[in-house]
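Remarks on the structure that follows.
What follows is calculated from the coordinates using simple rules that are stated; it is not laboratory data. Because the structure is a prediction, the values reported are computed rather than measured. With ideal geometry, Cβ positions are generated from the backbone for all residues, glycine too; neighbour counts draw on all protein chains shown.
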Amino acid sequence: MNPTQRLRIPIQIALAALVAYALGFWFTSLFPGYLPKIGALWSAISAIVVTQVTRKETSSSASLRVLGSAIGAITSATYLTFLPFHPVGMALAIFATVTICTALNVPNHGRLAAITVIVVMVTASLDPTLSPGLNALLRLAESCIGTGVALGAVCLWPTPAAQSGSDASSTQP
């Protein structure tokens, strides 16, 4: 692997995080009071988590991210609709979320779903006046923003000419 190839992933991750941060900030700014820096942070984290070495791995990671985020957003919104934030309640919501993922036969999605629960619930703790449903929906949308940016960064990245016509990164370790 030449030095340019070794820098590909760090460059993709850095660029994806930057673009996702900017888009997440802009998007969440459309909703006054809903903490655009949290939206930017969550979008950037999503881009970093999703970006993998190969296109195939990135696509797989993207599906984990979106489905896990959706499950975590629904669980945390449901909890926060009926109860205020509390660390023990957050732990119970995480337990319920991972249990749901296991019951749906997608146990690998549980970790990312649990992370979404934490972000939604901590955001709610920062401003308890936020609508639980809109807060969770924004966190899901921000996750999708970061995921989309990561997919774009990996799919649009030029591949070496010798490997065109296939997933160039599929032959890489």
- Message: With 10 angstrom as the radius, rank Tyr34, Tyr21 by how many other C-beta atoms surround their C-beta, starting from the fewest.
- Response: Tyr34, Tyr21
- Message: Just to be sure I understand the model, the point goes 7 Å from the Cα along the line to the Cβ. What's the resulting Leu137 to Trp26 distance in nm?
- Response: 2.2 nm
- How much net charge surrounds Leu112 when only other residues with a Cβ under 13 Å from its Cβ are counted (Lys, Arg +1; Asp, Glu -1)? +3
- Note on the structure: In terms of the charge dipole of the stretch 9-157, which places +1 on Lys and Arg and -1 on Asp and Glu at the beta carbon, the residue among Gly72, Leu137, Leu15 farthest towards the positive end is Leu15
- Note on the structure: Lys and Arg at +1, Asp and Glu at -1: neighbours of Ile94 with Cβ under 15 Å from its Cβ sum to +2
- Message: Please list, in order along the stretch 45-50, the HN-Hα scalar couplings obtained from phi with the Karplus expression 6.51 cos²θ - 1.76 cosθ + 1.60 (θ = phi - 60°), rounded to whole Hz, x for Gly and Pro.
- Response: 4, 4, 4, 5, 5, 6
- Note on the structure: Counting only backbone N atoms under 19 Å from a point 7 Å out along Cα-to-Cβ of Thr102, the residues of the stretch 50-75 in range are 68-69, 71-73, 75
- Note on the structure: Row for the stretch 9-157, column shape: gyration tensor on C-alpha, a ≥ b ≥ c, rounded if a/c < 1.5 i.e. under 1.5, prolate if a/b over b/c, else oblate; value oblate
